Amino acid sequence: MRRPADSMRSIGTLAVAALLLLVGWLLAAAVQATAAHAITSAPNALVRSGSGPTTNPHQSTAFGAGPVDGTTVGVNSDRCALCHRVHTASQPALLASGATQSELCFTCHSSAGLGSSTPVQSEYTDVTQTNNPATGLYYSHTAYYSPSPSMPHLVESSDEFSGVLNRHSECSDCHNPHQSFGTTIAASTGSNAWTPSFRLSGVSGLSVVNGPAGAAPAYTFVNGTDSPVTYEYQVCLKCHSGRTVLPPNDSGLPSRDILDIGIEFNPNNYSTHPIEAAGTNATPAMNVSLAGGTKWSTFTSSSTIRCTNCHANGAALASATDAGSNLAPHASAYKGILIANYNNGDPALPAQGAAYAATDFTLCYLCHAASAYSPGGGAPGDAATNFKLVGGSNLHRLHVSGLFNKGGESGAGTSIDVLGDGVGNAVCAECHFRPHSTAFPTGGQTSNSRLVAFAPNVRPLGVGSAPIFSTSGSGGSCTLTCHGHEHSALSYP
């Protein structure tokens, strides 16, 4: 005869088992319900006018075979099990596998993946260079970050970068797998910033209210779900603005400075590349220059551009049909995660006697007409620059292709960060040292137009002064010493 204690023990065992089954069912239902909710609610918040996707590929029957038995499954069946395991999860958030997020994502997003048309892993494996913070060389937003107990990764809607030095990148810092909607491209809004592609649906960012030139904006955190990101650049701001703690800079190498892009792209600055609003140079020559670009030739002086028109995987250029194409800043063969090569004078300026190399400025020529700078000229040539003498020299061409045999200061070297260096052809960065804007000049002037902010190697003319660029009417003048040549209010109309 069973004793009462035995009966109670059996009942207790059954109760525990039933409770575990109930908890497992509830967890599965919660994961599935959350994903299913995202499918129906996210598009209503983020779809722009016109047609757009209405299903998430992680949850759609169009995604392909199921993860468990190889059969095609519906929205509300085993699709969650692509990424989550209720009872056997090895990672936080019930993730099925992988020491890092990317290991799980790359089970599908690779050339050998399970059905994804975006093999992102190859963007990383094709780049042989690795990031080196000590030398200021960055080639990727690394996808292989392993969270630590002291600095864990939070969900994509969390405000995890605010006020802390928390430099990392994971897939879900820029992508919400429950709300991402495939390949729809970013959209131009004319003179306003670009709206995000649906690949950024449900991701957090920062909106800004800008103050005067050179001032930090007021930031507001946008979690991406209750309040969707409005513009693409807002996703970049959460890591690259002063609202987080940026890495310290090496005071001796300003060419490698990591700066607050919230300040840099303030449209109230005297000069800026037009991310948040159209730029200030609306001259006819600027429009001619932009029409002659090799890739983004639809830009005009009233356009805005995307961060990814400069910072993206270079392999994407071949297939990109316009500036709104799928351009992802995952990894690149070029430093700064640039989409094309750009010589910023680090580690070295051109040597004396070195001929002009158009490949030094491939990035610039995606937007700007190369003929204004090359020795051979060609159309549109002089019409594509304001920096010229009436009936005389094209001064842009003279600087980047006509100084190779001019020499420089005695004993001068080739570092853009050393006062007086420069012995051959100039590079764009010697006059346009901060390509984002003139908000952080090294020469003291913040009120320059035309993105003119001189590099540290450019000498002032005289003691105790700064290199001077000034504009008046349709012309300007320079007062400085560059490449061994003195410019004393040297003007051009």
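The values are calculated or read from the model by the stated rules, or taken from the named source; none is laboratory data. It should be emphasised that the depicted structure is a prediction, and the values quoted were computed from it without experimental measurement. So basically every Cβ, Gly included, is an ideal-geometry build from the backbone, and we count neighbours across all protein chains shown. When the accessible area is computed, the model is the full protein with side chains, heavy atoms only, and any ligands, DNA or RNA have been set aside. Shrake-Rupley method; radii C 1.70, N 1.55, O 1.52, S 1.80 Å.
Of all residues assigned to region 386-406, none qualifies as being under 24 Å from Gly214 (Cα atoms), surrounded by fewer than 22 Cβ atoms within 10 Å (Cβ to Cβ) and polar (S, T, N, Q).
Just one of Leu398, Leu461 is assigned to a helix (DSSP H, G or I), over 27 Å from Glu264 (Cα atoms) and of a type in the set (A, V, I, L, M, F, W, C); which is it? Steps first, please.
Details: Leu461 fails: assigned to a helix (DSSP H, G or I).
Answer to the selection: Leu398.
Results for (1) modelled with pLDDT of 95 or more; (2) not aliphatic (A, V, I, L, M), shown as yes or no for each residue.
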position: Val203; (1), (2): no, no
position: Asn210; (1), (2): yes, yes
position: Pro217; (1), (2): yes, yes
position: Thr220; (1), (2): yes, yes
position: Thr225; (1), (2): no, yes
position: Val229; (1), (2): no, no
position: Tyr270; (1), (2): no, yes
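Scanning region 363-378 for residues that are in contact (Cβ under 8 Å) with a residue 60 or more places away in the chain and either open to solvent by 40 Å² or more (accessible area, probe 1.4 Å) or closer than 27 Å to Asp257 by Cβ (or both) yields Cys364, Tyr365, Leu366, Cys367, His368.
Please specify each residue of region 390-409 satisfying the condition of being free of Cβ contacts under 8 Å to residues at least 24 places away in the same chain and in contact with a helix residue (DSSP H, G or I) (Cβ under 8 Å, 6 or more places away or on another chain).
Residues of region 390-409 that are free of Cβ contacts under 8 Å to residues at least 24 places away in the same chain, as a first pass: 391-394, 398.
The one that is free of Cβ contacts under 8 Å to residues at least 24 places away in the same chain and in contact with a helix residue (DSSP H, G or I) (Cβ under 8 Å, 6 or more places away or on another chain): Asn394.
Of Pro441, Pro460, Pro456, all but one fail to be without any contact (Cβ under 8 Å) to a residue 24 or more places away in the chain, under 27 Å from Tyr365 (Cβ atoms) and open to solvent by 20 Å² or more (accessible area, probe 1.4 Å); the exception is Pro441.
A residue that is in contact with a helix residue (DSSP H, G or I) (Cβ under 7 Å, 6 or more places away or on another chain), more than 21 Å from Ala370 (Cα to Cα) and of a type in the set (Val, Ile, Thr) occurs somewhere in region 410-425.
Among the residues making up region 306-326, those that are closer than 24 Å to Asn287 by Cβ, open to solvent by less than 20 Å² (accessible area, probe 1.4 Å) and assigned to a loop (DSSP other than H, G, I, E, B) are Arg306, Ala320, Ala323, Gly324, Ser325.
Of everything in region 327-342, what is hydrophobic (A, V, I, L, M, F, W, C) and either touching a helix residue (DSSP H, G or I) at 6+ places or on another chain (Cβ under 9 Å) or open to solvent by 20 Å² or more (accessible area, probe 1.4 Å) (or both)? Give them in sequence order. So that I can check it myself, show each step before the final result.
So the first thing to find is which residues in region 327-342 are hydrophobic (A, V, I, L, M, F, W, C), and the list is 327-328, 331, 333, 337-340.
Within region 327-342, Leu327, Ala328, Ala331, Ala333, Leu338, Ile339, Ala340 qualify.
Taken over region 343-358, the residue count meeting the criterion of being surrounded by 20 or more Cβ atoms within 10 Å (Cβ to Cβ) and either among the aliphatic types (A, V, I, L, M) or touching a Cys at 6+ places or on another chain (Cβ under 7 Å) (or both) is 1. In summary, helices (runs of 4 or more DSSP H) completely within region 191-291 and bearing 3 or more residues that are open to solvent by 20 Å² or more (accessible area, probe 1.4 Å) occur at 233-240, 284-291.
Out of the residues in region 123-140 meeting the condition of being within 17 Å of Leu104 (Cα to Cα) and in contact with a strand residue (DSSP E or B) (Cβ under 7 Å, 6 or more places away or on another chain), tell me which one is surrounded by the most Cβ atoms within 10 Å (Cβ to Cβ). Working first, answer last.
Taking region 123-140 first, the residues within 17 Å of Leu104 (Cα to Cα) are 123-125.
With in contact with a strand residue (DSSP E or B) (Cβ under 7 Å, 6 or more places away or on another chain) added as a condition, the list becomes 123-124.
Values: Glu123: 22, Tyr124: 19.
Here the answer is Glu123.
For the list (1) closer than 27 Å to Tyr233 by Cβ; (2) touching a Pro at 6+ places or on another chain (Cβ under 9 Å); (3) aliphatic (A, V, I, L, M), I need the number of the one condition that Leu403 fails. Among (1) closer than 27 Å to Tyr233 by Cβ; (2) touching a Pro at 6+ places or on another chain (Cβ under 9 Å); (3) aliphatic (A, V, I, L, M), Leu403 violates only (1).
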